Amino acid sequence: MKSREKVLIVGGGIAGLTTAIELGRRGVSSFIIEKKETVGGRAGTYACKAVNGHCQKCGACLVQDAIRESMEMGEIEISVKTSLAGLDREGKEIVARLKSGEGETSVRFSALVLCHGFQPFDPAGKPNYGYGRIPNLITGAELELMMKEKGDVFRPSDGKPAKDMAFVQCVGSRNPALGRSYCSQVCCGYALRMARQIRSARPSTSITFFYMDVQTFGRDFERMFWEFRDAIYWIREIPGDFFAAPGDRVGVIVEDEGEIKEMSFDLMTLSVGMGPSREQPVFEEWLGLRQGPEGFLASPDRDGIFVAGSATGPMSIPDTIVNCRAAVTRVMDYLEERS
Amino acid sequence: MPEFKLEKVSSGFASMVVQEPGAEGIRSCYACGTCTAGCPVRRVNAAYNPRKLIRMVLLGMQDEVLQGKEIWLCSSCYTCQERCPQGIRITETIIALRNLAAREGYAPSGVSMQAKLIKDQGRLYALDEFDDKKRKKAGLPSLPSEVAGATKLLDEKE
Amino acid sequence: MNPLRAEKTIAVFGSGETARRLSREFLDRGRAVLLIMSRDQDTGDVPEGAECVVGGELVSATGQVGDFTLVLRVAEKREQHRVGFIVLAYESVREPVYDILGEPAHERVWSLSHLETQLAEGVFPEEYGKVLFLDRLDGVNSVAASERLLKAVVTAQEEHEIACCLVTCQVKVASPGLEMLYGRMRDGGCFVARTDLLDLEVNPGGIRARFDDVVLDDELSVSGALLVVAERERAAPELAKIAEVLGLETDHAGYLQGDNLLRVPCLTNRRGVLVAGGSGADLSDWQRAQNIPSVVEEVNSLSQWLDEVTPVEQIIYDRDRCATCLTCFRVCPHGAILFTDKPNFLHLACQRCGICTSLCPNEAIELAGFEKPSFFERLFPGQSGEKQEWPAAVTGFVCQRSADLVRQYLDEGDPVIGAVRWIEVPCAGALRSQYVLETLARRAEAGGVLVVSCHRDNCRSGDGTIRAAHMVQQVKGLLNTLEMDEGWVEHIPLAPNERERLHREVEQFQARRKKA
Amino acid sequence: MKYALFLGCTIPARSRNYELSARAVAHRLGVEFVDIFDFSCCGFPLKSSDMKQAGLLAARNLALAESEGLAICTLCSACTSMLAEEAHHLEQDRGLLDGVNAELNKVGLAYKGHAKVKHFARVLLEDVGVDRIRAEVKVDLKGLPVATHYGCHYLKPSEIYEGVEDPEDPSSLEELVNAAGARSVEYQHKKDCCGGAVLVADEETALGMAKRKLDHVKEAGARAMNVVCPFCSVMYDDNQKSIESQFETDYQIPVLYLPQILGLAMGFDRKELGLNMNVVKTKSLTKEIIGEK
């Protein structure tokens, strides 16, 4: 039954695409608006984490599958470089003012699913990290991009491979003082997978991991954990002071095995966590949405307004897919009730 | 090797410390180590470790904490308090522990001597005539050697 | 083909909370449900309106999505049921982590489940009010197990004023709300020690735990009245038998969802056979809350697809060449071949991977759209048969998941990728060594063959990648025996988002070929 | 711009050079200081033994300034944080305010809760402004490399200073030093503490902390240090000699108070800025800048 319903999906990342595909499989057409030039969102920029031809279950490639599937589906219309100028409800319909190159148009939809995703934590929010000031101190997202484009890890300062590198975990996560009382769930995942990939590409690279608790991630974490447990030097402390050490190295002072040590690394990655997207306050205002306990949006699931994916909280790519498919069940229930 | 009864752990001494203003939040410490990593005293003296101090309080190690010299090594520079992800007021907690220790007479001599001076003359350093002469010579206004109002206030409080 | 009379009933296996809630969700949406519960489970409240079979054991299942025939043995009697979908919703099984203690039986040592029931029924003995919680010390505790443990400690503290200490290796908080729960636990006075080595003394008076406390940098000993041991999740015992009967992949821990990333969220390697709750993985509360609706969603979408699809021949079968050797039946990753006296190809179940066509010894079967003549046609356009010198092109076989990458490069006119003649195959596992050898036979000096597949555990058709890798090894072996350079052919496992790596690998292959 | 000048205990007795240069520079820049002779110790050294009494002393000083209708301008960072912290607590906690007033009434004082406390450097930055200071510069410091030591209580705890400056990324003192024509030098561990408060308990640790910074300051090629707290001056200036002998190092880095640096640029002479009282000789440095005067 090809229904004449039409759902507005805000955000063309993995969440928006999955929601559109699932609605399409149920015969409901959807209109995705994406503010950037291409779809795929942040997850689309992540590198494949396979090691010697073995998938490490990170889910980054699922974005490409979703893009391909959405292109093949007639029910899905995608409009890039398009953003929202306004949203409100009229009777049973959602009225959206869309803004794109050609100007502003007002369009009616039967339902709205917000999939605007998350905002990675900007380490400038913690100046004692010295991000932006100290060379060769990058974020997890930047390391992902480097691995994707170059397939190897180099020091941004001089382009040389990093002999020794370190990861600092819980940057902007598990931090009630910053109003972020949650674990971003994905950082141990991406950091340890990349560490494993780097070690397999260049076994001589020594990798240190500053952490509090290693979080379980994805399927067969146990096997992965055993394999890289001995390949990594673990220090159960989050450093306080970062400084530029000689040779464009990143220095930290930490206590390790009861001793205070000044360590420095060719390259250091801040595993930044996930935070509410910058668009969230706007949607809260337009639609009177309220936040969940962790500061992300709670999906109202009524009056045709739904929120899905990492806009509702930190989650991995596979969990985002599961969350969106579950959300579509609620959207379909609403549409069927409504008609 | 310290030996604890579970019912003693984080009750007893910990509950007493949590009553002190500034020390309310110590239980939420999850030992991330940022305080110790950033502590300027820790870099010079291995005996001082704020993370360990808080843990000893939670474990109820009252004597080791109050009679130990560690709590007096803190330079109250607030670095740990500024950075604590759990928002624990660590510097104020150390000061609270010092108050508890001082009440039981464990404060180092220097600290109690300073307190006595202030209570007796309202100033840490007395300003005798020689000081006053130097101030006049430098064209600075002379100041009373004692501040009666302050010493009276503190006597009332005693 | 007459329009398909798809069966609407949904068979739900399992008797725990997941199976019941799932049945109710289907019934609320007007679907017929056949609930198959194992014997020893208390049937409790069977969702009203569901046909229920107690103590049914699945003996065989034939057919495909929309038309499965299940044979159940119920108390030595066999029952046959026709259903449209099969959902396996067994709860995972909890197993206390007694490794540290050796023998578990001791009245001062409880499993977490035992504590939960004692607290729930309010029969917790007062003098046990000082509990030491012991988590796994190998650091691989799951989020779900950690969630249950944190909840138990908070309940013990807040509702029963029990003094608690938790000894664990890694505290797992990677699920919504867990970090706050862990905070509440500490604020409630729970002392948390993190160690991977522990010495335990269990005596009538209580228990004593000794361990190195990293923060104190000293040995620490804590004694309490009771030791509660965390639990690890195990796949339900029934799953192994069911997996065998239904021909399902299982993952390293025995769950029914396989390690393949493409089985998100509730899929198995067979279309229409779904996994829910603890049968798929050890789910946290949050994941469980998403899981049930996503199973409902998958059944609804498949039902809609069945209503609208007109089945079409996927496999072209030549009865005369077939030696009924069952190879196709054995290798089909999707349970899409039913063997009676000959292979019957279930076209709704077939996911067009083509692996059966490549392994059929007599080439009796071909995949519609990839028949040999047209396949050869695309391989050697206008060349039907005679040998001819071939331009110095490298030939690249690429599976459909990564074909898009190639098309993008070709549209951009990329010289490196453009210098290769690409052939899209449904799955790299569908490539016969014969095609590769045929291409090599017509080689020119700088020619060569690339086989691009997915990564292992990332192929929609299960072991397509492994078969492709074997085939390439086989060809290399042949080249070796012919004292020819093995470098003629190379296998590249690649994910559909490794655009830059494809370019690097092809460039390196071409460089090697030029040197050789 | 009229402030009650709060000198505390160390400055009048041990750091008259800080007081002299501050009064001279303030006067030149139009900031009027009023001396309240009844001011007592701010209470900071009392915190370790009895927070309540320390707070009471601070409240008394706040009440005195409030009764004169004047905001307080402090020179010592420790006094600044003690007074500001007490004012902050009293503002937030009604019960605490009533308790304090109960004690103050016994000595005929009362505190309504509106006192304002500002460190002299803040007054220069916010009330006077960098442009006015630059206008007063008469002597070219020829980009003298100066390593600024912020110390701790000038910035922290940041909540009592309503986030006026981020303690992890401070720049205010360096702005003032640059305005005077000197060149602020970047050096490692700029935010480290001088160790002053540890002196009373463990001298070796305190000197060890000061030594670390002196090493980094020397490494960065600074020819003078800039401090805004007599505690820090005690560690870097008074104790520089003993650090050199105990750790076998050599610094000879003059340690100047901020108003001394500004004063030099404004043309004041050594005596007016009390540069003769600095422990580490400043003669050769000032000779280079203002000749023999």
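Restricting the stretch A:222-275 to residues that are part of a loop (DSSP other than H, G, I, E, B) and among the aliphatic types (A, V, I, L, M), which is surrounded by the most Cβ atoms within 10 Å (Cβ to Cβ)? Write out each step before concluding.
Keep residues of the stretch A:222-275 that are part of a loop (DSSP other than H, G, I, E, B), which gives A:230-231, A:236-241, A:246-248, A:257-258, A:266, A:273.
Those still in the list that are among the aliphatic types (A, V, I, L, M) too: A:231, A:238.
On the way: A:Ala231: 16, A:Ile238: 24.
Among those that are part of a loop (DSSP other than H, G, I, E, B) and among the aliphatic types (A, V, I, L, M), it is A:Ile238.
When only residues in the stretch A:49-70 that are without any contact (Cβ under 8 Å) to a residue 40 or more places away in the chain and either more than 8 Å from chain C (Cβ to nearest Cβ) or surrounded by fewer than 24 Cβ atoms within 10 Å (Cβ to Cβ) (or both) count, which is farthest from A:Gly189 (Cα to Cα)?
Checking each candidate, the answer is A:Arg68.
Take the conditions in contact (Cβ under 8 Å) with a residue 60 or more places away in the chain and more than 7 Å from every other protein chain (Cβ to nearest Cβ) and apply them to B:Arg89. Does it pass? Please lay out each step first, then the result.
Details: in contact (Cβ under 8 Å) with a residue 60 or more places away in the chain: yes; more than 7 Å from every other protein chain (Cβ to nearest Cβ): yes.
In short, yes.
Quick one: which residue in A:Gly313, A:Gly295, A:Gly304 is in contact with a Leu (Cβ under 9 Å, 6 or more places away or on another chain), of a type outside the set (Phe, Trp, Tyr), on the phi > 0 side of the Ramachandran plot and at pLDDT 95 or above?
Working: A:Gly295 fails: in contact with a Leu (Cβ under 9 Å, 6 or more places away or on another chain); A:Gly304 fails: at pLDDT 95 or above.
Criteria check complete, one pass: A:Gly313.
So which of B:Cys29, B:Cys39, B:Cys35 is assigned by TED's automatic domain parsing to the domain that holds B:Gly87, more than 11 Å from B:Ile88 (Cβ to Cβ) and either crowded, with 24+ Cβ neighbours inside 10 Å or not polar (S, T, N, Q) (or both)? Working first, answer last.
Working: B:Cys29 fails: more than 11 Å from B:Ile88 (Cβ to Cβ); B:Cys35 fails: more than 11 Å from B:Ile88 (Cβ to Cβ).
B:Cys39 is the lone residue from the list that is assigned by TED's automatic domain parsing to the domain that holds B:Gly87, more than 11 Å from B:Ile88 (Cβ to Cβ) and either crowded, with 24+ Cβ neighbours inside 10 Å or not polar (S, T, N, Q) (or both).
Taking the stated definitions as given, is B:Arg103 surrounded by fewer than 20 Cβ atoms within 10 Å (Cβ to Cβ), more than 7 Å from chain D (Cβ to nearest Cβ), over 30 Å from C:Ser223 (Cβ atoms) and of a type in the set (D, E, K, R)?
Details: surrounded by fewer than 20 Cβ atoms within 10 Å (Cβ to Cβ): yes; more than 7 Å from chain D (Cβ to nearest Cβ): yes; over 30 Å from C:Ser223 (Cβ atoms): yes; of a type in the set (D, E, K, R): yes.
Spelling it out, B:Arg103 is indeed surrounded by fewer than 20 Cβ atoms within 10 Å (Cβ to Cβ), more than 7 Å from chain D (Cβ to nearest Cβ), over 30 Å from C:Ser223 (Cβ atoms) and of a type in the set (D, E, K, R).
When the stretch D:267-291 is examined, which residues are found to be of a type in the set (Gly, Ala, Ser) and under 20 Å from the mean Cα position of the chain (by Cα)?
Narrowing the stretch D:267-291 to residues of a type in the set (Gly, Ala, Ser): D:267, D:274, D:284, D:291.
Across the stretch D:267-291, the qualifying residue is only D:Gly274.
Out of the stretch A:239-261, which residues are within 12 Å of chain B (Cβ to nearest Cβ) and among the β-branched types (Val, Ile, Thr)?
Correct list: A:Val252, A:Ile253, A:Val254, A:Ile260.
Looking for whichever is in the same structural domain as C:Arg467 (by TED's automatic domain parsing) and either touching a residue at least 60 places away in the same chain (Cβ under 8 Å) or more than 14 Å from C:Gln510 (Cβ to Cβ) (or both) here; the options are C:Arg442, C:Arg421. Which one fits? Step through it out loud before you land on a result.
Values: C:Arg421 fails: either touching a residue at least 60 places away in the same chain (Cβ under 8 Å) or more than 14 Å from C:Gln510 (Cβ to Cβ) (or both).
One residue alone meets the criteria, C:Arg442.
Would you check if A:Gln280 is of a type outside the set (Gly, Ala, Ser) and away from chain C (no Cβ under 14 Å)? Break it down stepwise before answering.
Working: of a type outside the set (Gly, Ala, Ser): yes; away from chain C (no Cβ under 14 Å): yes.
Yes; evaluated as a whole, the condition is true for this residue.
Being part of a loop (DSSP other than H, G, I, E, B) and not assigned by TED's automatic domain parsing to the domain that holds D:Pro45, is that true of even one residue in the stretch D:230-237? Show your work before the answer.
First, pick out the residues of the stretch D:230-237 that are part of a loop (DSSP other than H, G, I, E, B): none.
Within the stretch D:230-237 (the criterion being part of a loop (DSSP other than H, G, I, E, B) and not assigned by TED's automatic domain parsing to the domain that holds D:Pro45), the answer is no, since none of the residues qualifies.
Taking strands (runs of 3 or more DSSP E) that fall entirely within the stretch C:407-516, which contain at least 1 residues that are of a type in the set (D, E, K, R)? Before you say what the answer is, go through the steps one by one.
Working: elements: C:420-425, C:448-453, C:489-493.
Correct list: C:420-425, C:489-493.
Inspect all residues belonging to the stretch D:181-193 and state whether any of them is in a loop (DSSP other than H, G, I, E, B), modelled with pLDDT of 95 or more, under 17 Å from D:Ile243 (Cβ atoms) and facing chain B (nearest Cβ under 8 Å).
yes
Of all residues in the stretch A:37-47, how many are in a loop (DSSP other than H, G, I, E, B), buried (at least 16 other Cβ atoms within 10 Å of the Cβ) and either of a type in the set (Gly, Ala, Ser) or without any contact (Cβ under 8 Å) to a residue 60 or more places away in the chain (or both)? Working first, answer last.
So the first thing to find is which residues in the stretch A:37-47 are in a loop (DSSP other than H, G, I, E, B), and the list is A:37-39, A:41, A:46-47.
Narrowing the set further to residues that are buried (at least 16 other Cβ atoms within 10 Å of the Cβ) leaves A:39, A:41, A:46-47.
Still in the list and also either of a type in the set (Gly, Ala, Ser) or without any contact (Cβ under 8 Å) to a residue 60 or more places away in the chain (or both): A:39, A:41, A:47.
The total comes to 3.
Restricting to the stretch B:28-55, name every residue that is among the β-branched types (Val, Ile, Thr) and facing another protein chain (nearest Cβ under 7 Å).
Keep residues of the stretch B:28-55 that are among the β-branched types (Val, Ile, Thr), which gives B:34, B:36, B:41, B:44, B:54.
Once the filter is applied, which keeps residues that are among the β-branched types (Val, Ile, Thr) and facing another protein chain (nearest Cβ under 7 Å), the stretch B:28-55 yields B:Thr34, B:Thr36, B:Val41, B:Val44.
Any idea which of D:Ser15, D:Ser21 is at pLDDT below 95 and more than 10 Å from chain B (Cβ to nearest Cβ)? It would help to see each step written out before you state the result.
On the way: D:Ser21 fails: at pLDDT below 95.
Result of the check over D:Ser15, D:Ser21: D:Ser15.
For the subset of the stretch B:120-151 comprising residues that are under 18 Å from D:Leu109 (Cα atoms) and surrounded by 14 or more Cβ atoms within 10 Å (Cβ to Cβ), which member is farthest from the other protein chains (Cβ to nearest Cβ)? Break it down stepwise before answering.
Restricting attention to the stretch B:120-151, the residues satisfying the condition of being under 18 Å from D:Leu109 (Cα atoms) are B:122, B:147-151.
If we keep only those that are surrounded by 14 or more Cβ atoms within 10 Å (Cβ to Cβ) too, we end up with B:122, B:147, B:149-151.
Numbers: B:Gly122: 4, B:Val147: 4, B:Gly149: 6, B:Ala150: 3, B:Thr151: 8 Å.
Per the criteria, the residue is B:Thr151.
Identify, please: which residue in the stretch D:66-77 is within 14 Å of chain B (Cβ to nearest Cβ) and surrounded by 24 or more Cβ atoms within 10 Å (Cβ to Cβ) and is, among those, farthest from D:Ile36 (Cα to Cα)?
D:Ser77
Residues checked against (1) over 25 Å from C:Leu178 (Cα atoms); (2) touching a residue at least 24 places away in the same chain (Cβ under 8 Å); (3) out of contact with any Lys or Arg (no Cβ under 9 Å at 6 or more places or on another chain):
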{"site": "A:Gly132", "(1), (2), (3)": "yes, no, yes"}
{"site": "A:Met147", "(1), (2), (3)": "yes, yes, no"}
{"site": "A:Val153", "(1), (2), (3)": "yes, yes, no"}
{"site": "A:Gly159", "(1), (2), (3)": "yes, no, yes"}
{"site": "A:Phe167", "(1), (2), (3)": "no, yes, yes"}
{"site": "A:Cys170", "(1), (2), (3)": "no, yes, yes"}
{"site": "A:Arg174", "(1), (2), (3)": "no, yes, no"}
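The values are calculated or read from the model by the stated rules, or taken from the named source; none is laboratory data. Nothing here was measured: the structure is a model prediction, and the numbers come from that model. Glycine also receives a Cβ, built like all others from the backbone with ideal geometry; neighbour counts cover every protein chain displayed.
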